[in-house]
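Student: Before we start, here is the structure in question, set down as structure tokens.
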Amino acid sequence: MRRQPQNSPRFFLLALCLLAPDRLAAQPQSIFTEASLPVFELHSGFWINLHHTLYHEARQRTAPGPREATADRASAPTTKTAPAAKVPLTAAEQKAWDEAVGYYSGNYANKDLLFTTELIELKDQLGYFEDCDELSGRKRKFCDAGLPPRLTQILEAVAPVYRAHFWPEHDQANRRWILRVAPLVREQGVGLSERLADIYQTRWPHEKIRVDVVAYANWTGAYTTVDPLRVTISSLDQRNQGPQALEVLFHEGSHGIAEAVQTAIIRECRQRDKPIPRDLWHALVFYTTGEVIRTVLASSSATQGDKGGSVPGNGYSAYAVREGLYQRGWKNYLDLLQRFWQPYLDGKASFDDAIARMVSAL
Ligand SMILES: [Zn+2]
């Protein structure tokens, strides 16, 4: 994909300032951004939702692997033609939809949203252009997203179909998810970000982390890409609901600050000439976020008297526990984390000692 200078965020902001009055008058695109929160900026954007929906549909039409099939069954209903259209599509609409899904099947369905640069750039670019009602710049130069011409054509042709049949429901689900998690972020966000940054011996990013809330994300229900740090979370995924929504946000955000853990694990393995354990750092991030959230929510409900308010108390079940991640191959890691990492979280060991002990016990 072309990445033209005029599409850079800095230019985008400048252009936004210059064009703001005109754009506001035109009301080109329905968007929703919760920007008043600390730590995160939550978006429900049209193009990025369309993109993920088409990707999801394309994956459904090709044969997903068993792991993905399981994850998807737990998260989202599937149909053969289009996701949950209440009013049947006209023949022309169905043609545009099928063409778009076909394009995604042919070009993207076999690529991973998290590991393919092309898809990461495309996602980020569609986020920048969320308040444009076109991507070609035909009506407004400003709205030239610089995508491959055929993809621009496909997305612009299918946009009215998505807007008419699926977007209202998707946008509503996204907004509902944002409004539910917002009070927790407002209340706990700063404290949680500072605590997690301390644990990982770094600083939480100064700028708010952009989170795109979408009907369909990837097979895990949420993913994070870096440079720029961006989180994508599914609002329909059952795993992301309730108080775990807050944990999902901070788990994903932690992907941007937990590098010291990976570095330390690798260093200790090299010193001991041991193979680098796959996913130990990720299990550690899951464990840490779960513990920190549980502690904060428990003390918050204690101060509130735990009178059935919106914040759950001691009964909080961390995401990795609730979803059985430790049972599925991380049991040994859980044991290490409880024995050697927990003392660090309790202030009874140093970061370096905790990592060194975990690695030597591997
Ligand atoms: Zn993760």
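Student: What are the residues in the stretch 24-57 that are at pLDDT below 85 and within 16 Å of V161 (Cα to Cα), if any?
Tutor: Those that are at pLDDT below 85 and within 16 Å of V161 (Cα to Cα): Q29, S30.
Student: On to the next question. Looking at D212, is it open to solvent by 10 Å² or more (accessible area, probe 1.4 Å), in contact (Cβ under 8 Å) with a residue 24 or more places away in the chain and either outside any strand (DSSP E or B) or not assigned by TED's automatic domain parsing to the domain that holds Y55 (or both)? Before you say what the answer is, go through the steps one by one.
Tutor: Details: open to solvent by 10 Å² or more (accessible area, probe 1.4 Å): no; in contact (Cβ under 8 Å) with a residue 24 or more places away in the chain: yes; either outside any strand (DSSP E or B) or not assigned by TED's automatic domain parsing to the domain that holds Y55 (or both): yes.
No: the conditions fail for D212.
Student: Have a look at E247, E252 and point out the one that is out of contact with any strand residue (DSSP E or B) (no Cβ under 9 Å at 6 or more places or on another chain), at pLDDT 95 or above and within 15 Å of the ligand (Cβ to nearest atom). Don't jump to the end; show me each part of the working.
Tutor: Working: E252 fails: out of contact with any strand residue (DSSP E or B) (no Cβ under 9 Å at 6 or more places or on another chain).
After applying the criteria, what remains is E247.
Student: For the stretch 103-139, what are the residues that are free of Cβ contacts under 8 Å to residues at least 12 places away in the same chain and either of a type in the set (K, R) or outside the structural domain of F32 (by TED's automatic domain parsing) (or both)?
Tutor: K111, R138, K139
Student: Taking the stretch 278-291 only, how many residues are more than 10 Å from the ligand (Cβ to nearest atom) and either open to solvent by 10 Å² or more (accessible area, probe 1.4 Å) or on the phi > 0 side of the Ramachandran plot (or both)?
Tutor: 3
Student: Moving on to the next point. Anything in the stretch 163-209 that is open to solvent by less than 70 Å² (accessible area, probe 1.4 Å) and among the acidic types (D, E)? List them, or say none.
Tutor: Within the stretch 163-209, just D171 meets the criteria.
Student: In the stretch 332-362, how many are open to solvent by 60 Å² or more (accessible area, probe 1.4 Å), in a loop (DSSP other than H, G, I, E, B) and modelled with pLDDT of 95 or more?
Tutor: Final tally of qualifying residues: 3.
Student: Oh, and also: Only residues that are in contact (Cβ under 8 Å) with a residue 24 or more places away in the chain and away from the ligand (no atom under 16 Å from the Cβ): list them for the stretch 225-240, please.
Tutor: Within the stretch 225-240, P228, S235, L236, Q238 meet the criteria.
Student: I need a count of the residues in the stretch 261-276 that are in contact (Cβ under 8 Å) with a residue 60 or more places away in the chain and within 16 Å of the ligand (Cβ to nearest atom).
Tutor: So the count comes out to 2.
The values are calculated or read from the model by the stated rules, or taken from the named source; none is laboratory data. Keep in mind that what you see is a predicted model, and the values were worked out from it rather than measured. Counting neighbours? That spans all protein chains shown, and the Cβs are built from the backbone with ideal geometry, glycine included. Heavy atoms of the whole protein, side chains included, go into the accessibility calculation; ligands, DNA and RNA do not. Shrake-Rupley method; radii C 1.70, N 1.55, O 1.52, S 1.80 Å.
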